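Data block below; observations after.
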Amino acid sequence: MTDTPEIKPFEPTIIGFTCNWCSYRAADMAGISRMKYAPNVRLIRLMCSGRLDPMFVIKAFAGGADAVLVSGCHPGDCHYSTQNYKAMRRFHLLKRVLVQMGIEPGRLKLLWASAAEGAIFAAEVSKFVEEVRALGPLNWNGPIPATAYKSVKEEVPA
Amino acid sequence: MDENKPKERIGVYVCHCGTNIAGVVDVGEVSTWAGENLKKNGVVIARDYKFMCSSLGQELIQKDIKEQGLTRVVVAACSPHLHEATFRNACKGAGLNPYLCELVSIREQVSWVHTDKIAATEKAKAIISGGVARVEHNEPLEPLRVPIHPATLVVGGGIAGIQAALEIADAGSPVYLVEREPTIGGHMAQFDKTFPTLDCSACILTPKMVQVGNHPNITLLTYSDVEKVEGYVGNFEATIRKHARSINTKDCTGCGICWEKCPKKVVDDVFEAGVGYRKAVYTPFPQAVPKYPVIDRVNCTYFQKGTCKACEKFCPTHAIDFAQEDEILNVKIGNIILATGWQLFDARRIPNYGYGRLANVFTSMEFERLSNAAGPTGGAIVLRDGKTTPKSVAIVHCVGSRDKNYNNYCSAICCMQSLKFAHLVHEKTGATVYNFYIDIRTPAKDYDEFYQRLIEEGTLFVRGKVAEITDAAFNPGEEGKLVVQVEDTLIGKQRRIPVDMVVLSAGIEPRFDSKETAKIFGISCSASGWYLEKHPKLDPVATMTDGVYLAGCVQGPKDIPASVAQGAAAAARILGKIQQKEISLEPIRATINEEQCSGCRICNSLCPFNAILFHEDKMVSEVNPALCQGCGTCIAACPAGAISGTGFSNQQILSQIDGLLFLNISKKEVVA
């Protein structure tokens, strides 16, 4: 037996933004169906993902969040007809800005979840937590080199 | 000193929800922690209680509001979608503006989804800390009150839509009933008998159809589609396209000479399910409501080739109008009922059952038409040749249902429908009837008695999922027959059963265009494509979009009694609202500060409701609160920060972020 102290795995703190109509209800559905997922995400309910001011995301990072989840209705299903498309536009722009600020693109995730998709919500949250765990704590060391820009070109979640 | 003193006096209430929350979250620790650590945010009292939503729990909050002078309340319990209204009303009862109460979810978001008790307790603390930080910036609000338009739009004229329309119209309110087909009646009009009582379907349905047709409060719009819906509860506006019937309904008497004289015969794959014919000018069936025929322009010789006009020549009232055009109607309504129904599972998708390839394999809907006295065979159950009576019939249950390759769900009606078929075959032909089933599901009133009756009548039941239906004979006894290959799971043997006729009890599916329809009305679908109700148990009639209700199979597979009940329930909900004459809306709206607005007009084009007006004279934009729905997109987009949103202000959200991260920061400081 050695005296090495037990090293606890890094537990990321993630702030999640959900819309009132689909993704918050997906979280409710996950709860009602008792689907288990990682306890690292703390949700904020907005009326619509279109309400997401990029400032909120930056504020969350500045306040100590290791990652931010943005979640809304599937494209075409928005309660306010098309406002989730506006969230999507902002998301991609914001991701570029974050990279320029030195935040890895993997720390911001967009997730479409309908009110019926509790299972998808739970699975995606757990997956995201593991991804962020692999990235480690947010370490704001200044801008990332230009080579990292390529990784921003991810596929748009459908 | 005074600057640091919290402005508000906040009470925190942590619910145990029996063991639902307390089983995972250490609620005592959470409330003690909140009482000590959130003092600087203004928390003056933190309590935990077994059931906060009980009247005793609510009284506890009310007592504290009065005695402790609380100015804000945070309840940590279930989802705000469940009990927000309960706690807001409790606050209101104690004289506190209801919007100064915040409900944070530590059940759906914590105790029900996490197993690690320590992590769950920490998360609960963080969520409460977020709620406390947010509630400080909540503002007292008053709900907006808007008048309700008394008219209702019912979409779909099947039995659910008919019932809903009649209930509302009988109570004295106007109804627009929109139906895509030329007549109302829906699938029920196609059926022969209805289980378990075996009433003739048309005999019980057509009187209701006539009632709808004659009702002074119902505007019946058949052969029409809803194209667009705008507005919000109480004040919708729908755009309805009335397709050109090519018949002038003012002059038409419904005498039927036009379809007698029409030379063009068409296979009727809607009403007759493909086993019968109609003419190019037709009413689907004799008791159709309205009685006026339509000209099917795709099949009409005149529309395709330019000559014929036989119907026009013979029409005694000159009602044929080939030049008629689609009509667009705009109607104002207060509420909407969606009763757009279902469609039959396409049995061709299961190739091993041979439907479409083997002539004497029928679908359930084809069988209904064969058995119907008004159908193409006059009610004679015969093979595809139109004359031979089958001596043995196999009825296959669960076709396309309870099958992970097709639909996972149970279609709910097929067991009873198959039993009904078995009875009808037995009664009309005396043939041997086999039922191939996985499980027999007969849960409703008098349903199992019907099953027992069928067993006594001598119907044979084979428990097993049919593997294949084939015409390849293995022995002389199978020559010229259809062979049903099945594993009889009760005797544990493979069996080959030769029969003359197979009826596939096909499942029911959402309409092919149900997703597009859902988008028109702004509602969501479940994973299977059925429309999502507000709550699966407690509110199976409303949807998450206020003012839009569901009735019938559009919400999930169900039989006629359940569809009728839901239609009536939707009507009752709407009548209750109409009676109030006014409706209160959540006061979540955007407002523009004129002094800060630079007149850049970025917000103008972002609003999907055209709620933002631009004043050319003052060069500023303004939000029309009657049109604003509160999504907040403009608030997030305003470069000048001139737009603020009630209920979800920047200050509220930014503070909530701080609050949620409070624990995190304090931990990091300790480490540093």
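The values are calculated or read from the model by the stated rules, or taken from the named source; none is laboratory data. The structure displayed is predicted, hence computed values, not measured ones. Every residue, glycine among them, receives a Cβ derived from its backbone with ideal geometry; neighbour counts consider all protein chains shown.
B:ALA171 falls short on exactly one of the conditions (1) surrounded by fewer than 20 Cβ atoms within 10 Å (Cβ to Cβ); (2) over 25 Å from the mean Cα position of the chain (by Cα); (3) hydrophobic (A, V, I, L, M, F, W, C), and that condition is (2).
Anything in the range B:557-613 that is out of contact with any strand residue (DSSP E or B) (no Cβ under 7 Å at 6 or more places or on another chain), polar (S, T, N, Q) and within 14 Å of chain A (Cβ to nearest Cβ)? List them, or say none. Selection gives B:SER605, B:ASN610.
Out of the range B:615-632, which residues are farther than 19 Å from B:GLU230 by Cβ and surrounded by 15 or more Cβ atoms within 10 Å (Cβ to Cβ)?
Of the range B:615-632, the ones farther than 19 Å from B:GLU230 by Cβ are B:615-622, B:632.
Answer for the range B:615-632, where residues must be farther than 19 Å from B:GLU230 by Cβ and surrounded by 15 or more Cβ atoms within 10 Å (Cβ to Cβ): B:VAL620, B:SER621, B:GLU622, B:GLY632.
Just one of the listed residues (B:LYS558, B:LYS515, B:LYS534) is under 13 Å from the mean Cα position of the chain (by Cα), in the same structural domain as B:GLU237 (by TED's automatic domain parsing) and closer than 29 Å to B:MET416 by Cα, and it is B:LYS558.
Regarding A:LEU52, is this residue without any contact (Cβ under 8 Å) to a residue 40 or more places away in the chain, under 16 Å from A:GLU124 (Cα atoms), aliphatic (A, V, I, L, M) and facing chain B (nearest Cβ under 8 Å)? First the steps, then the outcome.
On the way: without any contact (Cβ under 8 Å) to a residue 40 or more places away in the chain: yes; under 16 Å from A:GLU124 (Cα atoms): no; aliphatic (A, V, I, L, M): yes; facing chain B (nearest Cβ under 8 Å): yes.
No, not satisfied.
All of (1) out of contact with any Phe, Trp or Tyr (no Cβ under 9 Å at 6 or more places or on another chain); (2) surrounded by 24 or more Cβ atoms within 10 Å (Cβ to Cβ) hold for B:HIS83 with one exception: (2).
Please find, within the range B:528-545, the residue that is surrounded by the fewest Cβ atoms within 10 Å (Cβ to Cβ) out of those that are touching a Leu at 6+ places or on another chain (Cβ under 8 Å) and under 22 Å from B:VAL175 (Cβ atoms). Write out each step before concluding.
At the first step, the residues of the range B:528-545 found to be touching a Leu at 6+ places or on another chain (Cβ under 8 Å) are B:531, B:533, B:540-544.
Now drop any that are not under 22 Å from B:VAL175 (Cβ atoms), which leaves B:531, B:533, B:540-543.
On the way: B:TYR531: 22, B:GLU533: 21, B:PRO540: 16, B:VAL541: 23, B:ALA542: 19, B:THR543: 22.
Here the residue is B:PRO540.
Under the condition of being buried (at least 24 other Cβ atoms within 10 Å of the Cβ) and touching a Cys at 6+ places or on another chain (Cβ under 7 Å), which residue from the range B:92-105 is farthest from B:VAL12 (Cα to Cα)?
B:SER105
So that you can scan it fast, the table gives a plain yes or no per residue for (1) modelled with pLDDT under 95; (2) within 14 Å of chain A (Cβ to nearest Cβ):
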position	(1), (2)
B:VAL24	no, yes
B:GLY28	no, no
B:GLU59	no, no
B:GLN62	no, no
B:LEU70	no, no
B:ALA77	no, yes
B:ALA85	yes, no
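Taken together, the residues in the range B:614-664 that are more than 10 Å from chain A (Cβ to nearest Cβ), over 20 Å from B:VAL104 (Cα atoms) and of a type outside the set (A, V, I, L, M) amount to 12. For the range A:90-113, the criterion of being in contact (Cβ under 8 Å) with a residue 24 or more places away in the chain, touching an Asp or Glu at 6+ places or on another chain (Cβ under 6 Å) and under 26 Å from B:TRP530 (Cβ atoms) is met by at least one residue.
Tell me which residues, restricted to the range A:45-54, are touching a Leu at 6+ places or on another chain (Cβ under 9 Å) and either buried (at least 24 other Cβ atoms within 10 Å of the Cβ) or on the phi > 0 side of the Ramachandran plot (or both). Across the range A:45-54, the qualifying residues are A:LEU46, A:SER49, A:GLY50, A:LEU52. Evaluated against (1) within 20 Å of B:TRP112 (Cα to Cα); (2) not in a loop (DSSP other than H, G, I, E, B), B:ILE45 falls short on exactly one condition, (1).
Check whether at least one residue in the range A:14-24 is farther than 18 Å from A:LYS109 by Cβ and at the interface with chain B (Cβ under 8 Å from one of its Cβ atoms), and report yes or no.
Going through the range A:14-24, the residues farther than 18 Å from A:LYS109 by Cβ turn out to be A:20-21.
Pick out the ones that are also at the interface with chain B (Cβ under 8 Å from one of its Cβ atoms) and you get A:21.
So far as the range A:14-24 goes, yes, one or more of its residues are farther than 18 Å from A:LYS109 by Cβ and at the interface with chain B (Cβ under 8 Å from one of its Cβ atoms).
Return the only residue of B:GLU582, B:GLU586, B:GLU594 being surrounded by fewer than 17 Cβ atoms within 10 Å (Cβ to Cβ) and in contact with a Leu (Cβ under 9 Å, 6 or more places away or on another chain).
Working: B:GLU582 fails: in contact with a Leu (Cβ under 9 Å, 6 or more places away or on another chain); B:GLU594 fails: in contact with a Leu (Cβ under 9 Å, 6 or more places away or on another chain).
The conditions single out B:GLU586.
Selection of the range B:501-527 for residues being among the small types (Gly, Ala, Ser), more than 9 Å from chain A (Cβ to nearest Cβ) and surrounded by fewer than 23 Cβ atoms within 10 Å (Cβ to Cβ) yields only B:SER514. In the range A:93-107, the condition of being within 14 Å of another protein chain (Cβ to nearest Cβ), touching a strand residue (DSSP E or B) at 6+ places or on another chain (Cβ under 9 Å), under 19 Å from A:MET47 (Cα atoms) and not in a strand (DSSP E or B) is met by no residue. What number of residues within the range B:195-234 satisfy the criterion of being among the hydroxyl-bearing types (Ser, Thr, Tyr) and touching a Pro at 6+ places or on another chain (Cβ under 9 Å)? Looking only at that region, the number is 3. Only residues that are surrounded by fewer than 24 Cβ atoms within 10 Å (Cβ to Cβ) and facing chain B (nearest Cβ under 7 Å) were counted in the range A:55-78, giving 6. Taking every residue in the range B:274-302 that is under 12 Å from B:CYS262 (Cα atoms) and pairing it with any residue that is among the basic types (Lys, Arg) and in a strand (DSSP E or B), at least 6 positions away or on another chain, the pairs with Cβ-Cβ distances below 7 Å are B:LYS279/B:LYS265. Is it the case that the range B:107-127 has a residue that's in contact with a helix residue (DSSP H, G or I) (Cβ under 6 Å, 6 or more places away or on another chain) and farther than 28 Å from A:PHE17 by Cα? No; the residues of the range B:107-127 include none that is in contact with a helix residue (DSSP H, G or I) (Cβ under 6 Å, 6 or more places away or on another chain) and farther than 28 Å from A:PHE17 by Cα. For the range A:32-44, taking the residues that are part of a loop (DSSP other than H, G, I, E, B) and either aliphatic (A, V, I, L, M) or more than 7 Å from every other protein chain (Cβ to nearest Cβ) (or both), the one that is surrounded by the most Cβ atoms within 10 Å (Cβ to Cβ) is identified as A:ASN40. Restricting attention to the range B:362-387 and to residues that are surrounded by fewer than 23 Cβ atoms within 10 Å (Cβ to Cβ) and basic (Lys, Arg), the residue that is nearest to B:TYR277 (Cα to Cα) turns out to be B:ARG384.
For the subset of the range B:1-42 comprising residues that are part of a loop (DSSP other than H, G, I, E, B) and of a type in the set (Lys, Arg), which member is farthest from the chain's Cα centre (by Cα)?
Residues of the range B:1-42 that are part of a loop (DSSP other than H, G, I, E, B), as a first pass: B:1, B:5-9, B:16-26, B:38, B:42.
Pick out the ones that are also of a type in the set (Lys, Arg) and you get B:5, B:7, B:9.
Values: B:LYS5: 51, B:LYS7: 46, B:ARG9: 44 Å.
Going through the qualifying residues, I end up with B:LYS5.
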